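The values are calculated or read from the model by the stated rules, or taken from the named source; none is laboratory data. This structure is a prediction, so every number in the text was calculated from the model and none was measured. All Cβ positions, glycine included, derive from the backbone under ideal geometry; neighbour counts span all protein chains shown. These area figures cover heavy atoms from the full protein model, side chains too; ligands, DNA and RNA do not enter into them. Shrake-Rupley method; radii C 1.70, N 1.55, O 1.52, S 1.80 Å.
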Amino acid sequence: MRKMFVAGNWKMNTLAQSAVELASGLAQVVPARLANVDVAVCPPFPFLSAVGAAVAGSGVDLGAQNVWFEKPGAYTGEVAIEMLADVGCRWVILGHSERRAILGETDALISKKVNACLAKGLPVILCVGETLAERQANQTEAVLNTQMAGSLAGVEASAMAHVVIAYEPVWAIGTGVTATTEQAQSAHLHLRKWLESRYNPAVAAATRILYGGSVKAQNAASLLEQPDVDGALVGGASLKVDDFLPIIRAAETARKS
Ligand code: 13P
């Protein structure tokens, strides 16, 4: 049985004080690890340590939004895997569509990052998803295939225990437009079948596939009820405890086979 996972991607939001307030508020309402749901928050780099301290001992894990794949050294402006581990990160988001589109990250670069994190024991939330133009051109599955194959190049089946996939249709991110439950389920099932053919049925059955894109309290339950939706990667609605908590609660009660 796959344990649900709800992660907050704070993106480039919060300042030192608001980050700690948000983290402390979450730690208060999720004081211990939940039986049915893993919970994580991914603040901006400067606030990782403080947020880590605020959620320490609670049911909320710490994650980062990006990393560089090389070992510590002369890479001005970058952050190493060792540094994330050192401040208590248990997750790192890789391949987010904003990094693909705005920062020019390619599947080849993302795969270097994925492999480096897995080699160093840092679990990965790998994001994939099509643009609106790609969906309208019936390219969704082809785009997902390309992103999965490229981003997971060199990743063995045994390492997949430390990979979570996030399906984030680009057209649903920050737009208020959510994929329908049918669209989400269909893409998630496609990704699971891809995992089965690239790896094996056991990897496909065990890998968690999160949905991301305008998830909020109002739509979380119906999305999370889909058989192949194993949680949510939440942007805007993760920035307030009152918005994020209902999504966690929806995951707690969502049916899972
Ligand atoms: P929104 O929830 O703000 O649409 O963002 C989704 C996302 O990109 C999470 O990584």
### Query
Just checking, which of Val51, Val55, Val92 is farther than 25 Å from Ser186 by Cβ, crowded, with 18+ Cβ neighbours inside 10 Å and within 16 Å of the ligand (Cβ to nearest atom)?
Val92
### Contacts under 6 angstrom Cβ, first residue in the range 147-164 being in contact (Cβ under 8 Å) with a residue 60 or more places away in the chain and more than 11 Å from Leu118 (Cα to Cα), partner among the basic types (Lys, Arg) and surrounded by fewer than 19 Cβ atoms within 10 Å (Cβ to Cβ), 6 or more apart
Val164/Arg208
### Qualifying residues in the range 206-224 (those that are touching a residue at least 12 places away in the same chain (Cβ under 8 Å) and either among the polar types (S, T, N, Q) or over 18 Å from Thr178 (Cα atoms) (or both)) - the one surrounded by the fewest Cβ atoms within 10 Å (Cβ to Cβ)
Ala206
### Scope the range 7-37; condition in a strand (DSSP E or B) and within 16 Å of the ligand (Cβ to nearest atom); matching residues
Ala7, Gly8, Asn9
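One line per residue, one yes/no per condition, for (1) within 12 Å of the ligand (Cβ to nearest atom); (2) open to solvent by less than 50 Å² (accessible area, probe 1.4 Å):
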position: Gln136; (1), (2): no, no
position: Glu141; (1), (2): no, no
position: Ser151; (1), (2): no, yes
position: Val163; (1), (2): no, yes
position: Ala166; (1), (2): yes, yes
position: Pro169; (1), (2): yes, yes
position: Gly174; (1), (2): yes, no
position: Thr178; (1), (2): yes, yes
### Task
Kindly check whether there is at least one residue in the range 74-85 that is outside any helix (DSSP H, G or I), at negative phi, open to solvent by less than 60 Å² (accessible area, probe 1.4 Å) and free of Cβ contacts under 8 Å to residues at least 60 places away in the same chain.
yes
### Message
Test of understanding: among Leu118, Leu62, which residue is over 25 Å from Ala16 (Cα atoms) and surrounded by 19 or more Cβ atoms within 10 Å (Cβ to Cβ)?
### Response
Leu118
### Query
Gln183 passes all but one of (1) more than 15 Å from the ligand (Cβ to nearest atom); (2) open to solvent by 50 Å² or more (accessible area, probe 1.4 Å); (3) not basic (Lys, Arg); which number fails?
(1)
### Message
Out of Val164, Val143, I need the residue that is at pLDDT 95 or above, aliphatic (A, V, I, L, M) and out of contact with any helix residue (DSSP H, G or I) (no Cβ under 6 Å at 6 or more places or on another chain). Which one?
### Response
Val164
## Note on the structure
Trp171 passes all but one of the listed conditions (1) without any contact (Cβ under 8 Å) to a residue 24 or more places away in the chain; (2) outside any loop (DSSP other than H, G, I, E, B); (3) of a type in the set (Phe, Trp, Tyr); the exception is number (1)
### In the range 225-245, residue farthest from Asn36 (Cα to Cα) [restricted to those that are near the ligand (Cβ under 8 Å from one of its atoms) and open to solvent by 10 Å² or more (accessible area, probe 1.4 Å)]
Gly236
### Query
Can you find a residue in the range 194-202 that is buried (at least 18 other Cβ atoms within 10 Å of the Cβ) and in contact (Cβ under 8 Å) with a residue 60 or more places away in the chain?
no
### Summary
Note on Met1: of the conditions (1) at pLDDT 95 or above; (2) under 22 Å from Leu223 (Cα atoms); (3) open to solvent by 30 Å² or more (accessible area, probe 1.4 Å), unmet is (1)
